[in-house]
Amino acid sequence: MVRNHPEITAAMTVTGGADALLHVRARDVEHFEEVLERIRVEPFIRKTISVMVLSHLLPESPEAGATHEAPHAPHTTSGDAANMR
C-alpha cells in the first residue's frame, strides 16, 4: 500500500491507538487532502488521524528536509534529558 502513494516518505508500525504511522509530504493542504482520500479508500483502512507539522525543533534533521549531516553534539557523561514545555 505504501508503495502506491509516492507522497508517503516513511512508514512504521507503532504502539498505542494506531497501528501505523505514515509520513506524508504534500505541496499544500489541498494535495494532502487528496493523498489522505486515496489512503482512506484502501480496503484495510478503518480510520485515519492526521497531524500537521507546524515547525521543526531540529531544523538540521533529515525529517525537516535538511540535506546535510547534523553537527555532532559534544559527548557528555551525564544522563540529563531535555524537558519540553
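What to note about this one:
- Only protein heavy atoms count here; under a 1.4 Å probe, Leu57 has an accessible surface of about 130 Å².
- Highest mean packing comes first when the peptides 46-56, 11-21, 25-35 are listed by Cβ atoms within 10 Å, giving 25-35, 11-21, 46-56.
- Per-residue Karplus couplings for segment 7-17, computed as 6.51 cos²θ - 1.76 cosθ + 1.60 with θ equal to phi - 60°, are listed in order as 6, 7, 9, 7, 8, 8, 7, 9, 8, x, x Hz, Gly and Pro entered as x.
- Alpha-carbon centroids, segment 49-68 and segment 11-39: separation in whole Å: 15
The values are calculated or read from the model by the stated rules, or taken from the named source; none is laboratory data. All values reported here derive from a predicted model rather than from experimental measurement. FYI the Cβ positions are ideal-geometry reconstructions off the backbone, even for glycines, and counts take in every protein chain you see. Surface areas here come from the heavy atoms of the whole protein model, side chains and all, with no ligands, DNA or RNA. Shrake-Rupley method; radii C 1.70, N 1.55, O 1.52, S 1.80 Å.
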